[in-house]
Every structure is written in structure tokens, then in C-alpha cells.
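For reference, the structure discussed in these notes is given below.
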Amino acid sequence: MFLYMLLITPSIQSTIIKISQNEKTNDIISAAADIANSNFEHRRQTIVITSDVDEGVTSTFLQQYRGSVVVEAKMENIPRQVVLLIQSYYSFVKLSGILKPDLKGKSILHSGAKFLIVLFSYPSRLEQIYSLLWDFYATNVVIIVKTSGKVALYTYYPYKNPSDCANVAPTFIGTWTKITTGSQELYPDKMSNMNGCPLYISTTKVYHPATEKKIPLQIIKRSIHELLKNIMNFTSVIINRRYISIDSDSATNWSESLSDVITGTANISTSTVALGFDKVSLLDFSVTYFRIRLAWIAPPPSVRPALWKLLVPLNGYLWLILLVVTFFVKSVPYALRAKHVRAFSFRNFKGFGKLQGITMRTWGVLMGQPVKVSPRRFRDFYIIGLWLWFTFFIRSAYQSVLIGALKTDTTLGTFTNLQEAVDDGFSYGGRLGVLGYFEHDPLVRNGFQVISESEYEQTFRDILNSKKKFIMATSLEYAWTLCSAEAITEEECGYVLPDSILVVPLVVWMQKSSSFVKPLSVWLPRLIESGLLEKDSLQKPLKDVKMPDQSPLTNKQAISCFLFLLIGYFLSIVVFACELFNKRSSSFRKFYQIVISGQSN
């Protein structure tokens, strides 16, 4: 009997130990399940990770939790709800390989996840746990421990103390009771009030020193800094990088600002970085807060002389019709000299001999001389047909657009697209950084000429001065900055090809696990939709919208018409004098021949 008691004593002792452990963990597991049911979304999967914990404890939690659960599965999507069941601090350290980011940058530890950590040992190393969590900006953390027979809840506030803005000291939330579990916000937004702690912002200067207060992008970045400062109550520390542009070489324009975020020198970056580049695995970005426009800038269009405005209404088809009619009118007198034509005309047309003066009659009708006889011969129908053509069709079509043409300047070099400019003999290119935006356009990629940083401003000046038949791809804001710095007017600051505008979105960059992802994703859309960011930084339009001019023609606008009319009168008089001289000379020759023949007889 004694031997039997010795044999069963170890089993009884182990059973008693398990019962006592279960009684000890029942309260803390019930608290964890209750908190998870009250604060987690059941539609999202919850990842449960255990270390050095009995399977029965895990099973008890899973039975009481009402949401869907993934137990220590491979991470395909970044989790939003995580439950850690650990025995001690060393159990948490053993899980660091699972929690830290993998080679693709995916991590369980990030600011967007809610963490519920159940610690079954005495809470002596909570500060070390929070320190590791803060390294990955995991701030939405609640740790459940059992002390003095009660279940206690702890968290930490990194910006709670202005004198220590990386504070990882445990903050006691309270003890758990089923009645008060859902009445307290266990996962507040800890970035809503930074209590004056510094926020390091890395940015790049995108303005010329002479015009820094006029550039929309620089204005809107300052607005972002000030508005977020007031909302989140931080002290902004601006790290300015050198003066660059969005189309600069990627090695010199924005890599320095992003390096500040990667190395931890800055919390966020508002540099001019485009989404056209692939995201770095270590970085994340906010919504678009501004857009920079890349465009092709050609030399300023040249204005043609005032006399050229009179030819604007005559388009290509009208010129062709006029040439055909003119050729027909001029060819009739010459065609009538052919023997076969003359014989056919005398045989079929009455009074054909009087058609020889058709040039003089046509000239007279076009100058306003009335037709004195009713049209009964081929000659009359010919004259009246020409008179109707020029009077009603040509003059009416010409005058319908003449007034509008006189009020607008006729310009050269207003290409509608890049292909037209290339066909006209222009070459094109820009700095190396802009080529990445057009990598899928074969026209741009095949003929693009790279301009170095040292040659950029001189090339731009040559384009503005029309010294070089070149079209440059650059940002409009940067081009207008250079023009403003050198007192160049908008009309002289190049011509923007209208169909070549490429809009590049700009974003705020931060580390992928940053705790500022949430506040920026909440407040930036509100600031943009309310118009607070753009009220003082409206982008300059591509060109001024001009309303049609209802005023009458001025003397300067109409002088070309009168000048052209005087030239026409002068040419008509010259032609008339030449015809009279030709007529008199032919009569004089006939008279001279008669006199000579009479003397010889």
C-alpha cells in the first residue's frame, strides 16, 4: 500500500500543479478574450502567436474569442490584430525573429496593428518589451499581467513627457473587470498630442532664392508643416537640403531627404519625390498633397507682321480653289489663240470675236463697273460668273473671319504636340531625372537628349532667346521660378506644348512601420478636401483664358486693311496704265505701218 502511494504521488502532484496553474491563468485568459472581443474587429483575422505557453492556455483563449484566428501561420498580409501569449520576457525575445521585418520589408511590428500581449510571469521587464516595440513604432499595445491576485493592464506613451520624447516607461491603465472592459478606450491615437516633442521633417528646397515666397510648392509645404504642428502639437525641426528640382538626376535631387528617413535622422520627408519611382521596401507614403506638372517648353512663339493677318482667313483649301480659278481665268485668253479652239468657238458661239476684250471687262466688273447689257452671250455669262464667285463666295468667306484675325496676333511656333515640333526640325531633351517619366513613350525615349546640370540654365536661356531649336522637358514651376528670378515676363517664358502636361503627384514619405502613418492618413485628406492647403498656393494656369473681344477694331488693327487696299488700287492703276499703253502702242504700230506702206506705194 505504501509502495502504491509512492507510485501515484508524482502524478497527483503534477495534476495539482496543473490545476493551480489553470486557476491562475483562467482570469488572465478571460480578460484577454474579453478585451479582444471588445476592441478587435471580428471581420479581420487575428494572428495568435505563443511562446513557452501550454497548449491548453491557447485553446482556452481560442474558445472564448469570437473572431477568426490564424495561429502562427506564415504572414502573407500585414496583420492588423495580434495576440501574443508569452511566458516571460525571454519568451518575447525568442519571438523577435518572427516579429521583425523580413527581406521584403513585411513586419508584424508596425504602428497600424493592435497588440494584445498576455504575460504570464511577474512584470519586471515591461520597459524592455516596450523599448523593442518602440524601435518598430508599435504603439497600440496593451500588456496583461497578473499581480497581487488582480489582472492589471499596462501600455506606454512615447510622447507623454516633453523632457523625454522616447518614453517607454510602462503606464498603468487599470485593473480588469468585465463591467468596465468596454467603457475605456484601450487603443487611443497616441500621436494626436505629442506634447511639444520635436518632429524632424526633412525637405528639399524647390525655390530660387529671389522668388522663394512665390512658388506654390514651397508655400504648400510650409502650410503642411504649420497645420500639422497645430493639430498634433509638436515642435517642427526642419532639415533643409539643397536647391533642386523634381526633374534632376535621382542621385542629386531627393535621395538625401529619403536617406534622412531611412537612417532615422528625420521622422517624415516632404521632399519633391514622385510616385513614378518604385517604393522602397523600408518606406511608406501618404496620400498626394500636391502635384507638379512636367511639360515640354519650346521657344516663345514669334508674332508675324500685321499684313500677314489678312492672309490668315485663307486656309489651304481656299488657297487651292483660288489658284485653280486664277489659272482658269488667266488661261482662257491664251487658249482662245489656238486654231482649233478659235474655229470651234466661231462656229458655235455668236459674237465670239468680241470676247477678246474679256480681260478688260473682267477687271472692270471686279472694280465695281456695272454690267450695262443683259447677259446674252458667252462673254457676259463668263464675266457675271467671275463676279458672283469673287463677290459672294470669296469675299463673304474672307470677311467672315477677317475681323477676328485682325484682333489676334498671328504667331509661329505654337505646336500642338511634340511630333509637330520634331517635324519642324526641333530636337528635344532635358535633365536625366525627367526621362524616367517618359520611359514608356517610344518617341521620347529614342530621341531624348540628356542635358547636364551645369548646362541646364544656359540651355534654358538659349531656348527663351530663340537661339536654339530645342524643346526642353522640365517642371513648369521650376521654369517659372527661373523666369521670375531674371525678370522675364510670362509671354517671354517659353511656349508650353498644350498636350504634353504630365502631372506628378507628391507625397509625404515616412518609414513603413512609422507611427505617423495613421495621423497623416487621417489629417492630410481633410486638409486637402477642405482647401486649407491650396487656398494660398493655387497653381499658375497654363495660359490665361481670354474672353472674345467685343470692342471695334482700332486704328492700328485696321491700318493693314487700308494699306492692303491702297496696294491693290496702286497695282490696278499700274495694270490699267500698262494695258492702255499696250493698246496705244499697238494702234501706233498699225498707224506707222499704214504710213510706211502708203509712202512705199
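Observations
- Scanning the stretch 435-455 for residues that are closer than 14 Å to TRP296 by Cβ, assigned to a helix (DSSP H, G or I) and of a type outside the set (Ser, Thr, Tyr) yields LEU435, PHE438, LEU443, VAL444, GLY447.
- Applying the condition of being part of a helix (DSSP H, G or I) and not aliphatic (A, V, I, L, M) to the stretch 461-493 and asking which residue is nearest to VAL503 (Cα to Cα) yields GLU477.
- Within the stretch 321-367, considering residues that are closer than 23 Å to CYS578 by Cα and of a type in the set (Phe, Trp, Tyr), the one modelled with the lowest pLDDT: TRP363
- Test: THR270 is over 30 Å from LEU443 (Cα atoms), open to solvent by less than 30 Å² (accessible area, probe 1.4 Å) and either hydroxyl-bearing (Ser, Thr, Tyr) or at pLDDT 70 or above (or both): yes
- Matching residues, the stretch 141-163, being assigned to a loop (DSSP other than H, G, I, E, B) and open to solvent by 20 Å² or more (accessible area, probe 1.4 Å): SER148, GLY149, TYR157, LYS160, PRO162, SER163
- Filter result for LEU502 (over 30 Å from GLY264 (Cβ atoms), open to solvent by 20 Å² or more (accessible area, probe 1.4 Å) and touching a strand residue (DSSP E or B) at 6+ places or on another chain (Cβ under 7 Å)): yes
- Residue check for SER59: small (Gly, Ala, Ser) and not in a helix (DSSP H, G or I): no
- Residue within the stretch 417-427 that is in contact (Cβ under 8 Å) with a residue 40 or more places away in the chain and in a helix (DSSP H, G or I) present: yes
- Whichever residue in the stretch 97-117 is assigned to a helix (DSSP H, G or I) and open to solvent by 30 Å² or more (accessible area, probe 1.4 Å) and, among such residues, is modelled with the highest pLDDT: ILE98
- Flag if SER521 is small (Gly, Ala, Ser) and either at pLDDT 80 or above or within 30 Å of LEU476 (Cβ to Cβ) (or both): yes
- Residue-level check: of (1) in a helix (DSSP H, G or I); (2) touching a helix residue (DSSP H, G or I) at 6+ places or on another chain (Cβ under 9 Å), GLN458 misses just (2).
The values are calculated or read from the model by the stated rules, or taken from the named source; none is laboratory data. The structure presented is a predicted model; accordingly, all values stated were derived computationally and were not measured. Ideal geometry is used to build each Cβ from the backbone, glycine not excepted, and the neighbour counts take in all protein chains shown. Surface accessibility is based on the protein's heavy atoms, side chains included, excluding ligands, DNA and RNA. Shrake-Rupley method; radii C 1.70, N 1.55, O 1.52, S 1.80 Å.
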